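In what follows, a single structure is set out as structure tokens and then discussed.
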């Protein structure tokens, strides 16, 4: 069983003490691997960092290595840019190995860490008890893809969708965790169309529109029955838009919106030129290019205190997509609000409305 640590929480390892080294410096490196079984083999995986570490003073007793800063750049879990059946496992977490160069001129595998992309700074969070889903309002549309993020800490290779219908029937569907992405040394977001090897981390998804009369969907980790995600399913498809966003713990959540308004902003570029102003139709100012920013106002109505308390997961997210449930499209967004103020009503009787501003995460222009 692997122990997964959040990337924000610094790990320190005394290489000199743990490896029984006698000198004041050591050559070391960090490898990234996909299977814990490869941790002890220094020829496996990709070397992502190499250097020389020293004690703080001559004759010092410790050589401290921390993988966090290096590892953070290799926890890439880009959401796919289209909806559909091709949801693929990504690098929500990875395994990082520490090797050192011994006096015989060989790399020795010393230890490893399992780190995942949690930037919550929450000391009380326990992934094995809570899972990665923390939706603001856990209501799903009956015509959306329900997406959940998984860290497979016991290597059970699969998770389960437990579907509960309005008439009381239940149905359990198993989804394997596999690598559908064709990763190379660039660690980019290219992906293949066929299943690959088992993945320890990634997304699973289920299209709710394939099941009539759904009332609730839970995603469950089989080993200890941890509920990874738990959504009530709306009776009718009343909402056209939903957001998919990465929460502070590194998982993807979804949120139905109560209203969306689109607008366009323009940065105009123009030149002036000499004309004969006795000609009515002569143009002295030529607008030759407009920089275009597509803007959005996203509205949420009637949030409870508990729901509003989770808004920081969305407002502070670095990865947000707007899903048009009718057109079945995803639009990448950048939220432009610069703060998230906690709002509550002490008597619990009032509900909270929220408006968020966003722009489309693409460069556009008109000429």
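The values are calculated or read from the model by the stated rules, or taken from the named source; none is laboratory data. Every value quoted in this text rests on a predicted model; they were computed, and no experiment measured them. Methodologically, a virtual Cβ is constructed for each residue, glycine included, from the backbone with ideal geometry; neighbour enumeration extends over all protein chains shown.
Observations
- If the condition is being over 18 Å from residue 165 (Cβ atoms) and in contact with a strand residue (DSSP E or B) (Cβ under 9 Å, 6 or more places away or on another chain), then the range 203-226 contributes 203, 204, 205, 221, 222, 226.
- Identification of strands (runs of 3 or more DSSP E) wholly contained in the range 1-60 with 2 or more residues that are within 27 Å of the chain's Cα centre (by Cα) and touching a residue at least 60 places away in the same chain (Cβ under 8 Å) yields 4-6, 25-33.
- Qualifying residue in the range 187-194 (condition: touching a helix residue (DSSP H, G or I) at 6+ places or on another chain (Cβ under 9 Å) and either at pLDDT 95 or above or on the phi < 0 side of the Ramachandran plot (or both)): no
- Within the range 294-306, being surrounded by 17 or more Cβ atoms within 10 Å (Cβ to Cβ) and at pLDDT below 90 holds for one residue alone: 303.
Quick grid of which residues meet (1) in contact (Cβ under 8 Å) with a residue 60 or more places away in the chain; (2) outside any helix (DSSP H, G or I); (3) outside the structural domain of residue 75 (by TED's automatic domain parsing):
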| residue | (1), (2), (3) |
| --- | --- |
| 268 | no, yes, yes |
| 280 | no, yes, yes |
| 290 | yes, yes, yes |
| 313 | yes, no, yes |
| 323 | yes, yes, yes |
| 330 | yes, yes, yes |
| 334 | no, yes, yes |
| 338 | no, yes, yes |
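- Within the range 343-367, considering residues that are outside any strand (DSSP E or B) and at pLDDT 70 or above, the one nearest to residue 319 (Cα to Cα): 361
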